[in-house]
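The values are calculated or read from the model by the stated rules, or taken from the named source; none is laboratory data. The shown structure was predicted, so the numbers you read here are calculated from the model rather than taken from an experiment. Cβ placement follows ideal geometry from the backbone for every residue including glycine, while neighbour counts extend to all protein chains displayed.
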Amino acid sequence: MLKSMTGFGAAVAETEAYKVSVELKAVNQRFLELNFHMGRQLNPWEDALRKTIKAVAARGKMDIYINFTDKRESQASIRVNKGLVQAYHQALNDMSDMLHVARPDDVATFAGFPDILQVESDTDISPMEPVLLQAMEDALAQFDAMRQTEGENIRQDFLHRIDRLEQMKDQVHALAPAIVQGYRDHLQKVVSEALSEADIDETRIIQETALYADKVNYTEEVVRLGSHFQQFRQIIEAAEEPVGRKLDFLIQELNRETNTIGSKANSTEAAQIVVDMKSEVEKLREQVQNIE
């Protein structure tokens, strides 16, 4: 299945302790480039995230935005240092006996002493990893579905253009015999007129004329084009992995054969068909830049 390199995906995964949101955006690029936009706390999972993404995407420039909320922060607790409270209490009682003043009986008095009340919160976010990876997988699933949809549209466009190229190839092929014969007749006429009064070997003239006439025969190029069209269809129909680079190379061959036909075809009609063919090949080339 063909896949476009462009796509978007977003997902949110949430538990009682964590909430993670992931957003993916990708555009065309020859190789895979991953740009993470996330807090430093998530850096330890970058390698795992890269592996998860590479299992789905092989080419393209992708921006990954990740935000997370540690909901445990609202569940912070306060611990009373009981040993220290007792020590303060004993010290104050000793001071009371020594100074003959009233003993403290207000708990707020003790709460104000250093280190009596200690706020505790869990800063270890390692338990968040499954939530993070789940959000990434869900976003990738949406991202990949969009790429597959666009890839199918591109596949249909490919087939349409290959069919048009096939028709034009047949048209230019049908003109080949007349072009060759016309060129041969023209050469024979020119040579015959130029050497009409000379004592020459007529057989040799015929052989040389046929040799030059063969230079405008583009039958081999037409046959190779047909083979390339068939291979192009096979690649896009059987694609189970990225095929963009294969198709890009094949399009170079299509362009080469088309140019050769254009240079050989000594015909205004054939030349116009070749111009249309080159236009379609260029559209194929542009479209191939969009697939993985």
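A few comments on the model shown:
- The set of residues from the range 15-44 being within 13 Å of Phe68 (Cα to Cα) and surrounded by 15 or more Cβ atoms within 10 Å (Cβ to Cβ) comprises Ala17, Tyr18, Lys19, Val20, Ser21, Val22, Glu23, Met38, Leu42.
- Complete set of residues in the range 12-22 that are part of a loop (DSSP other than H, G, I, E, B) and acidic (Asp, Glu): Glu16
- Unmet criterion (only one of (1) touching an Asp or Glu at 6+ places or on another chain (Cβ under 8 Å); (2) within 30 Å of Gln287 (Cβ to Cβ)) for Leu84: (2)
- For the range 23-68, the tally of residues that are on the phi < 0 side of the Ramachandran plot, small (Gly, Ala, Ser) and assigned to a strand (DSSP E or B) stands at 1.
- Number of the exception - Asp105 against (1) within 30 Å of Ala10 (Cα to Cα); (2) of a type in the set (Asp, Glu); (3) over 26 Å from the mean Cα position of the chain (by Cα): (1)
This table checks each residue for (1) outside the structural domain of Leu49 (by TED's automatic domain parsing); (2) modelled with pLDDT of 70 or more.
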| site | (1), (2) |
| --- | --- |
| Ile116 | yes, yes |
| Leu132 | no, yes |
| Phe158 | yes, yes |
| Ile162 | yes, yes |
| Leu175 | yes, yes |
| Gln188 | yes, no |
| Ile206 | yes, no |
| Thr209 | yes, no |
